[in-house]
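Peer 1: Questions regarding the structure given below will be posed in turn.
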Amino acid sequence: MAWAKCNGLDLYDFYINKRITYGAICHHIVPIKDNWNKRLDLDNLIYLSKENHNKIERIYERSQQDKKSMQELLFSLLRKG
């Protein structure tokens, strides 16, 4: 379903890197371990390439502020969708 919302595009690559790339991983913006109730929420899912998924996960691990900033960015990209 998240795939259908964006026709399979990696929205991060599209808006941030100005590239058309198809996603391979459905990423939980708010991780399941942080909020189990958001696990099936389509507004919490974004399709990403493996490269961008790994990049974003590394950013999440740096600090809570970096994680929060990235989450805000990802939610804004979904709204643009």
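Peer 1: Kindly count the pairs of lysines across the stretch 2-80 whose alpha carbons are less than 22 Å apart, treating pairs on different chains or eight or more residues apart as eligible.
Peer 2: Lysine pairs satisfying the spacing and distance rule in the stretch 2-80 number 24.
Peer 1: If a paramagnetic tag sat 7 Å from the Cα of ILE32 along the Cα-Cβ line, which residues of the stretch 45-65 would have the backbone N under 19 Å from that point?
Peer 2: Those under the cut-off are 45-50, 53-54, 56-58, 60-61.
Peer 1: Show the residues, 5+ positions off or on another chain, whose built amide H is closer than 5 Å to the amide H of TYR22.
Peer 2: ASP10
Peer 1: May I pose another question? Calculate for the chain the 222 nm mean residue ellipticity that helices alone would give, adding -39,500 (n - 2.57) per DSSP H run of length 4 or more and normalising by residue count, nearest 500 deg cm²/dmol.
Peer 2: -13000 deg cm²/dmol
Peer 1: Would you please name the GluC sites (Glu not before Pro) within the stretch 9-81 that are DSSP coil residues with at most 11 other C-beta atoms within 10 Å of their C-beta?
Peer 2: Hits after loop and neighbour filter: nothing returned.
Peer 1: Please compute the net charge surrounding ASP13, taking Lys and Arg as +1 and Asp and Glu as -1 over other residues with Cβ under 11 Å from its Cβ.
Peer 2: Combined, the nearby Lys, Arg, Asp and Glu give +1.
Peer 1: Got a sec to turn the phi values of the stretch 11-19 into Karplus ³J(HN,Hα) couplings, 6.51 cos²θ - 1.76 cosθ + 1.60 with θ = phi - 60°, whole Hz, x for Gly and Pro?
Peer 2: Running phi through 6.51 cos²θ - 1.76 cosθ + 1.60 with θ = phi - 60° gives 5, 4, 4, 5, 7, 8, 9, 6, 10 Hz.
Peer 1: How big is Rg to Rh over the stretch 2-80, alpha-carbon atoms, Rh as the Kirkwood inverse-mean-distance radius? Present the calculation step by step, with values, prior to reporting the outcome.
Peer 2: Details: Rg = 11.6 Å, Rh = 12.5 Å.
When Rh is taken as the Kirkwood radius, the ratio is 0.93.
Peer 1: Are there any trypsin sites (Lys or Arg not before Pro) in the chain that are in a DSSP loop and have at most 14 other Cβ atoms within 10 Å? List them by number.
Peer 2: Within the chain, the qualifying trypsin sites (Lys or Arg not before Pro) (loop, at most 14 other Cβ atoms within 10 Å) are LYS18, ARG19, LYS33, ARG39.
Here, each number is a calculation from the coordinates, and none is a lab measurement. Everything numeric here is computed off the predicted structure, so don't read it as measured data. For neighbour counting, all protein chains shown are included, and Cβ atoms are generated from backbone atoms with ideal geometry for every residue, glycine included.
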